[in-house]
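Chemist: Have a look at this one before I ask anything.
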Amino acid sequence: MTEQDLAGRRAIVTGGASGIGLACVREFASRGAHVVVADIGGDAAEAVAAEVGGQAWVVDLSDTAAQQGLSLDADILVNNAGIQTVAPIPEFDVERFRFMQRLMVESPFLLIRAVLPGMYERGWGRVINISSAHGLRASAFKVAYVTAKHALEGLSKVTALEGGPHGVTSNCINPAYVRTPLVEKQIADQAKVHGIPESDVVEKIMLTETAIKRLVEADEVASLAGWLASERAGMVTGASYTIDGGWTAR
Ligand code: NAD
């Protein structure tokens, strides 16, 4: 049986109904945490919450006005919900850019703001931000995503500095391409913008920079998130952990 080291802990995972978020929900729940699955996909969130004996929070996290003044009770917050859009800057839809900053920067800020007072009161907390190799490196045609992930790195580090004296850690996880619905949706867009067949996208675009030529699996990311949530990671804060097959070693 898996060690129940997170028993009694309450975790909120945004975008918890799919991909990396879903893998994190399962990781935390299997270790005894009560998990809140925060996702815009209502049916999927309910199904995942039922599977792990947790709770669904059906929410559109791009609606940041609704998150102002929010107060949340959680020991672990995983800021994971995110989307991708691939287009050159001159053609990049301005409203889409703003939308992505709201979902991937403003909402994580508001959620951190909502959980910190409770974490400070209890003297313990874990903020885990699912950034990306694109939080550390740029790629053409991903202006909103790369901008948002670089901002998330800054948010995570400031949270680490302020949270440290209160027993709260904050870290980023920086994966290369992970096998999830988000990446599957991106293959057609990448083929179009690079002018290559869809069948070439994984090898010629997604794996060009990595030393290990395969996609990351969602449960590999979740196991790192699980370790960051553990007692053993108590001195790890303000860090950005790559899980990128060597991409950023270049
Ligand atoms: P995914 O598409 O499989 O899952 C994303 C989840 O977020 C979905 O359940 C979706 O419903 C939810 N979501 C989207 N918009 C939302 C909104 N407005 N409000 C609430 N929930 C919303 O994606 P994934 O690949 O698991 O990506 C998760 C995170 O990991 C993202 O932040 C992404 O940038 C990051 N990431 C992914 C990869 C990758 O290759 N897949 C690599 C590096 C980083």
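Chemist: Regarding S139, is this residue part of a loop (DSSP other than H, G, I, E, B), on the phi < 0 side of the Ramachandran plot and out of contact with any Lys or Arg (no Cβ under 8 Å at 6 or more places or on another chain)?
Modeler: Numbers: part of a loop (DSSP other than H, G, I, E, B): yes; on the phi < 0 side of the Ramachandran plot: yes; out of contact with any Lys or Arg (no Cβ under 8 Å at 6 or more places or on another chain): yes.
Yes.
Chemist: Got a number for residues in the stretch 116-136 being part of a loop (DSSP other than H, G, I, E, B) and of a type in the set (F, W, Y)? It would help to see each step written out before you state the result.
Modeler: Within the stretch 116-136, the subset part of a loop (DSSP other than H, G, I, E, B) is 123-124, 131-132, 136.
Those left that are additionally of a type in the set (F, W, Y): 124.
Matching residues across the stretch 116-136 total 1.
Chemist: Checking V105 against (1) more than 25 Å from L224 (Cα to Cα); (2) under 16 Å from the mean Cα position of the chain (by Cα), which single condition isn't satisfied?
Modeler: (1)
Chemist: Quick check on the stretch 139-157: of everything there that is among the small types (G, A, S) and within 14 Å of the ligand (Cβ to nearest atom), which residue is farthest from the chain's Cα centre (by Cα)?
Modeler: So, considering only residues that are among the small types (G, A, S) and within 14 Å of the ligand (Cβ to nearest atom), the one farthest from the chain's Cα centre (by Cα) is S139.
Chemist: Cβ contacts < 6 Å: first residue under 20 Å from R232 (Cβ atoms), restricted to the stretch 165-181; second residue part of a strand (DSSP E or B) and within 6 Å of the ligand (Cβ to nearest atom), any location; separation 6+ or different chain. Result?
Modeler: I173/I130
Chemist: How many residues are within 16 Å of the ligand (Cβ to nearest atom) and either of a type in the set (V, I, T) or more than 16 Å from A229 (Cβ to Cβ) (or both) when one looks only at the stretch 23-54?
Modeler: Qualifying residue count for the region: 19.
Chemist: Do you know which residues across the stretch 180-196 are within 8 Å of the ligand (Cβ to nearest atom) and in contact with a helix residue (DSSP H, G or I) (Cβ under 7 Å, 6 or more places away or on another chain)?
Modeler: T180, P181, L182
Chemist: When both residues are 6+ apart or on different chains and their Cβ atoms are under 8 Å apart, which pairs have a first residue that lies in the stretch 93-120 and is without any contact (Cβ under 8 Å) to a residue 12 or more places away in the chain, and a second that is of a type outside the set (A, V, I, L, M) and surrounded by fewer than 23 Cβ atoms within 10 Å (Cβ to Cβ)?
Modeler: D93/T85
Chemist: Now a separate question. Among the residues of the stretch 72-91 satisfying the criterion of being farther than 26 Å from W227 by Cα and touching a residue at least 24 places away in the same chain (Cβ under 8 Å), which is nearest to the ligand (Cβ to nearest atom)?
Modeler: Going through the stretch 72-91, the residues farther than 26 Å from W227 by Cα turn out to be 84-91.
Subsequent filtering for residues that are touching a residue at least 24 places away in the same chain (Cβ under 8 Å) retains 84-89.
Working: Q84: 7, T85: 11, V86: 13, A87: 16, P88: 20, I89: 19 Å.
My answer is Q84.
Chemist: If we scan the stretch 158-166, do we find a residue that is within 16 Å of the ligand (Cβ to nearest atom), not charged (D, E, K, R) and not in a loop (DSSP other than H, G, I, E, B)?
Modeler: Kept after step one, since they are within 16 Å of the ligand (Cβ to nearest atom), are these residues of the stretch 158-166: none.
No, the stretch 158-166 contains no residue that is within 16 Å of the ligand (Cβ to nearest atom), not charged (D, E, K, R) and not in a loop (DSSP other than H, G, I, E, B).
Chemist: While we're looking at this one, here's another question. Using beta carbons and a limit of 9 Å, which pairs, at least six apart or on different chains, have the first residue in the stretch 56-68 and over 10 Å from S107 (Cβ atoms) and the second one more than 10 Å from the ligand (Cβ to nearest atom) and not in a helix (DSSP H, G or I)?
Modeler: Correct list of pairs: A56/V36; W57/I12; W57/V36.
Chemist: Six or more apart or on different chains, Cβ under 6 Å: which pairs go from a residue in the stretch 223-244 that's farther than 16 Å from H166 by Cβ to one that's small (G, A, S)? Could you list them?
Modeler: If the second residue must be small (G, A, S), the pairs left are W227/A233; D244/A133; D244/A176.
Chemist: When you look at V94, is it more than 12 Å from the ligand (Cβ to nearest atom), in contact with a Phe, Trp or Tyr (Cβ under 6 Å, 6 or more places away or on another chain) and not polar (S, T, N, Q), yes or no? Steps first, answer last, please.
Modeler: On the way: more than 12 Å from the ligand (Cβ to nearest atom): yes; in contact with a Phe, Trp or Tyr (Cβ under 6 Å, 6 or more places away or on another chain): no; not polar (S, T, N, Q): yes.
It is false that V94 is more than 12 Å from the ligand (Cβ to nearest atom), in contact with a Phe, Trp or Tyr (Cβ under 6 Å, 6 or more places away or on another chain) and not polar (S, T, N, Q).
Chemist: Follow-up question, since we're still on this one. Being within 11 Å of the ligand (Cβ to nearest atom), surrounded by 16 or more Cβ atoms within 10 Å (Cβ to Cβ), modelled with pLDDT of 95 or more and within 25 Å of W247 (Cβ to Cβ), is that true of even one residue in the stretch 110-128?
Modeler: Looking for residues that are within 11 Å of the ligand (Cβ to nearest atom), surrounded by 16 or more Cβ atoms within 10 Å (Cβ to Cβ), modelled with pLDDT of 95 or more and within 25 Å of W247 (Cβ to Cβ), one finds none in the stretch 110-128, hence no.
Chemist: Still on this model: Considering (1) within 21 Å of V105 (Cα to Cα); (2) in contact with a His (Cβ under 8 Å, 6 or more places away or on another chain), say which one V201 fails and leave the rest.
Modeler: Condition not satisfied by V201: (1).
The values are calculated or read from the model by the stated rules, or taken from the named source; none is laboratory data. Computed from a predicted structure; not experimentally measured. Every residue, glycine as well, gets a Cβ built from its backbone with ideal geometry; the counts of neighbours run over all protein chains shown.
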